[in-house]
1. Quick test for you: out of 68, 87, pick the one residue that is at pLDDT below 95 and over 15 Å from the mean Cα position of the chain (by Cα).
2. Restricting attention to region 7-41, report how many residues are within 16 Å of residue 105 (Cβ to Cβ), out of contact with any strand residue (DSSP E or B) (no Cβ under 7 Å at 6 or more places or on another chain) and in a loop (DSSP other than H, G, I, E, B).
3. Which of the residues that make up region 69-83 are part of a helix (DSSP H, G or I) and surrounded by 12 or more Cβ atoms within 10 Å (Cβ to Cβ)?
4. Taking residue 86 as meeting all but one of (1) surrounded by 12 or more Cβ atoms within 10 Å (Cβ to Cβ); (2) in a loop (DSSP other than H, G, I, E, B); (3) in contact with a strand residue (DSSP E or B) (Cβ under 8 Å, 6 or more places away or on another chain), write down the number of the exception.
5. Just need a number here: residues in region 114-130 that are under 17 Å from residue 1 (Cα atoms) and buried (at least 21 other Cβ atoms within 10 Å of the Cβ).
6. When residues of region 37-65 are filtered for being touching a residue at least 24 places away in the same chain (Cβ under 8 Å), surrounded by 18 or more Cβ atoms within 10 Å (Cβ to Cβ) and over 15 Å from the mean Cα position of the chain (by Cα), how many remain?
7. Just to be sure I understand, how many residues within region 25-36 are closer than 17 Å to residue 123 by Cβ, free of Cβ contacts under 8 Å to residues at least 60 places away in the same chain and surrounded by 14 or more Cβ atoms within 10 Å (Cβ to Cβ)?
8. Spot the failing condition for residue 90; the list is (1) without any contact (Cβ under 8 Å) to a residue 12 or more places away in the chain; (2) touching a helix residue (DSSP H, G or I) at 6+ places or on another chain (Cβ under 7 Å), and only one is missed.
């Protein structure tokens, strides 16, 4: 099952559970929610390529590129979280709480994990603390 949580609920409920930041390494290095683990859906270069395709071509073209990059890593993502789980709950966020976190939530949900997505993503955390 996949749930959406506001920032306060996400911070409270993720304590003691696996919380994943699925943004690129560069985004994570620039700022992060304390206690999160970086598991990037796209590396820095892939993110740049997808973003450029979105702006210069179309959302559809960018999505296809993103699927091409991410599909090769899906098994690795699932294998990464398995030994780190204390229970069946996984907390996930990206920049805005959009396609990257929802894609990872879909994947983890396939393996019957209970997934919690941060509504508004890291952007909502920044607004919360600033």
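The values are calculated or read from the model by the stated rules, or taken from the named source; none is laboratory data. Owing to the predicted nature of the structure, the values given are computational and were not obtained by experimental measurement. Here Cβ is always computed from backbone atoms with ideal geometry, including for glycine, and neighbour counts include all displayed protein chains.
1. Details: 68 fails: at pLDDT below 95.
Exactly one of 68, 87 is at pLDDT below 95 and over 15 Å from the mean Cα position of the chain (by Cα), namely 87.
2. At the first step, the residues of region 7-41 found to be within 16 Å of residue 105 (Cβ to Cβ) are 9-10, 13-14, 17-23, 36-37, 39-41.
Remaining after also requiring out of contact with any strand residue (DSSP E or B) (no Cβ under 7 Å at 6 or more places or on another chain): 9, 23, 40-41.
Those left that are additionally in a loop (DSSP other than H, G, I, E, B): 23, 40-41.
Counting residues in region 7-41 that are within 16 Å of residue 105 (Cβ to Cβ), out of contact with any strand residue (DSSP E or B) (no Cβ under 7 Å at 6 or more places or on another chain) and in a loop (DSSP other than H, G, I, E, B) gives 3.
3. Here is the first cut: in region 69-83, the ones part of a helix (DSSP H, G or I) are 69-71, 74-83.
69, 70, 74, 77, 78, 80, 81, listed by residue number.
4. (1)
5. Total satisfying the criteria: 4.
6. Residues meeting the conditions: 0.
7. Residues of region 25-36 that are closer than 17 Å to residue 123 by Cβ, as a first pass: 26-34, 36.
Applying the additional criterion that residues be free of Cβ contacts under 8 Å to residues at least 60 places away in the same chain yields 26, 28-30, 34, 36.
Filter once more, keeping what is surrounded by 14 or more Cβ atoms within 10 Å (Cβ to Cβ): 28, 36.
Result for region 25-36: 2.
8. All conditions pass for residue 90, except number (1).
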